[in-house]
Amino acid sequence: MSVDQEAQRFIPGPPQLPPLYKGQKIKSGPYTTTVTDEMVERRERENEQLYRTWLEQQRRRQMGPGDDESDYVGDFKEETVRRSFIRKVFCLLSLQLLFTTGIIAFFLFVEDAKKFMIIHWYLWIIALVCFTISYCAISFSESARRKPPFNYIWLCKLTLAMSYLAAFASVFYEIEIILMALGMTTVITLGIGLIATFSKFDLTMRTGLMMIVGLASIVAIFVLIIVSLFTVMRILHIVISVIGMFLLSMYLYFDVQTIMGGRRIEINPDEVIFATVQIYVDVVLLYQYVLMFLARAVLQYRAEGRVLDMQVINVPYRYTGQGFARLLAETAFTYAIVNYYYMYLTCEYMQKYYLATKTPELEELIVGPLHILEGPDSEPLDPNIIYELPDPEDFLIYNS
């Protein structure tokens with residue numbers, strides 16, 4: 001018998017954990033556990049991983065000096081594939097976030113673009129439909145997320161739609177609030193990413209808990225939105241945004257762990273587009289909830305010489321129904337009369353308010369749009385609107 005045959009004879013077999021069977025009773029201290037299908041599958045995965053590890057050790061042991069190392073598929077090569085996958089995901093994610101930031105900045109700082117978005121507000125519905133279709137295609141169709149160039153086409157469509165939605169949510173707020181929201185989102189995202197990567201807490205082992213918490217959070221948000229439509233409670237707006245931020249942070253933690261690997265659930269390295277979309281959607285939705293948390297009642301206008309273009313009034317949920325929009329409109333009209341400024345009313349609310357309350361003194365200062373200069377007077381506004389003044393920090397007349 002040769003030396004190699006003798007050595008092969010004494011190589012131990014692959015280590016295996018005792019197999020489990022559905023319905024089997026296992027005693028653990030004072031408790032008895034009944035084996036389920038999930039426990040059987042987990043034990044099979046564990047034994048399969050042990051077998052693969054043992055097999056790679058045997059291959060490495062049997063490699064000779066002249067063997068081609070490129071044929072060896074060991075731990076190092078698996079780690080290399082995972083690192084390459086992570087690089088691709090975060091490179092695409094960086095490009096997506098840069099594009100979204102550029103779209104938001106474009107609609108914030110280009111006045112014609114901002115006015116177009118405000119006037120054609122219904123376009124956000126089209127963007128939402130495009131986002132939903134693209135997200136479903138990437139999530140449920142393997143060819144849509146893996147086969148080029150269709151996977152990149154779907155990714156571009158989703159990014160474009162999501163960017164428009166993020167810009168639409170941003171144009172109603174002043175620059176300071178948007179910068180604060182971007183900063184908070186960046187800090188939260190980086191913090192969760194680092195914790196998810198280096199923490200021993202494996203959220204992928206608790207998918208049942210995630211489902212319960214996610215379902216409870218979504219139901220709570222819908223209920224609070226419905227309640228806020230019929231009651232005036234400032235705290236509801238804050239609670240909705242906090243629940244949304246918590247929910248998105250939890251999903252972001254889970255998605256980062258599935259991408260980084262080494263957890264119970266991992267994303268296949270071939271699913272670059274799918275992994276990128278999950279993180280991107282988490283981050284952008286988190287930004288929108290942070291923006292909602294920081295929101296204030298705002299009247300945005302643009303000064304062009306002696307003409308003030310009144311663009312939009314935005315009142316967050318926690319301030320709705322308290323007359324804040326009317327207070328902002330009254331303040332703006334009073335300011336224009338006292339300082340003798342002309343006004344162009346892009347804002348639809350201010351158009352209706354002007355037609356309901358216009359006076360000869362105010363008519364001299366309104367220069368557009370044309371349809372309110374020639375149209376008939378509207379019906380008076382609801383006289384039951386609350387007139388109480390808000391706190392100074394609760395509203396802001398903002399020059400964009």
Exactly one of these conditions fails for Ile235: (1) of a type outside the set (Phe, Trp, Tyr); (2) open to solvent by less than 80 Å² (accessible area, probe 1.4 Å); (3) over 24 Å from Val272 (Cα atoms). Give me its number.
(2)
Over segment 254-266, the set of residues touching a residue at least 60 places away in the same chain (Cβ under 8 Å) and crowded, with 21+ Cβ neighbours inside 10 Å is Val256, Gln257, Ile259
Looking at Leu229, Leu285, can you tell me which residue is under 23 Å from Ala169 (Cα atoms) and exposed (fewer than 13 other Cβ atoms within 10 Å of the Cβ)?
Leu229
Please go through segment 152-168 and give me each residue that is open to solvent by 30 Å² or more (accessible area, probe 1.4 Å) and either at positive phi or not aromatic (Phe, Trp, Tyr) (or both), ordered by number.
Ile153, Cys156, Lys157, Leu160
When (1) open to solvent by 30 Å² or more (accessible area, probe 1.4 Å); (2) in a helix (DSSP H, G or I); (3) touching a residue at least 12 places away in the same chain (Cβ under 8 Å) are applied to Met210, the one that fails is (1)
In segment 226-245, anything touching a residue at least 60 places away in the same chain (Cβ under 8 Å) and either outside any helix (DSSP H, G or I) or of a type in the set (Val, Ile, Thr) (or both) is listed as Val232, Met233, Ile235, Ile238, Ile240
Look through Val73, Val89 and report the one residue that is open to solvent by less than 70 Å² (accessible area, probe 1.4 Å), modelled with pLDDT of 90 or more and either outside any helix (DSSP H, G or I) or over 21 Å from Tyr164 (Cα atoms) (or both).
Val89
Residues in segment 135-148: is at least one within 25 Å of Thr185 (Cβ to Cβ) and surrounded by 14 or more Cβ atoms within 10 Å (Cβ to Cβ)?
yes
Going by the structure shown, is Tyr173 within 18 Å of Gln288 (Cα to Cα), open to solvent by 20 Å² or more (accessible area, probe 1.4 Å), of a type in the set (Ser, Thr, Tyr) and touching a residue at least 60 places away in the same chain (Cβ under 8 Å)?
yes
Going through segment 176-207 one residue at a time, which ones are outside any helix (DSSP H, G or I) and surrounded by fewer than 14 Cβ atoms within 10 Å (Cβ to Cβ)?
Ser199, Lys200, Phe201
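The values are calculated or read from the model by the stated rules, or taken from the named source; none is laboratory data. Since the structure is predicted, the reported quantities are computational estimates derived from the model, not experimental observations. Cβ sites come from the backbone with ideal geometry, for glycine too, and all protein chains shown count toward neighbours. SASA here: full protein model, heavy atoms, side chains in, ligands and nucleic acids out. Shrake-Rupley method; radii C 1.70, N 1.55, O 1.52, S 1.80 Å.
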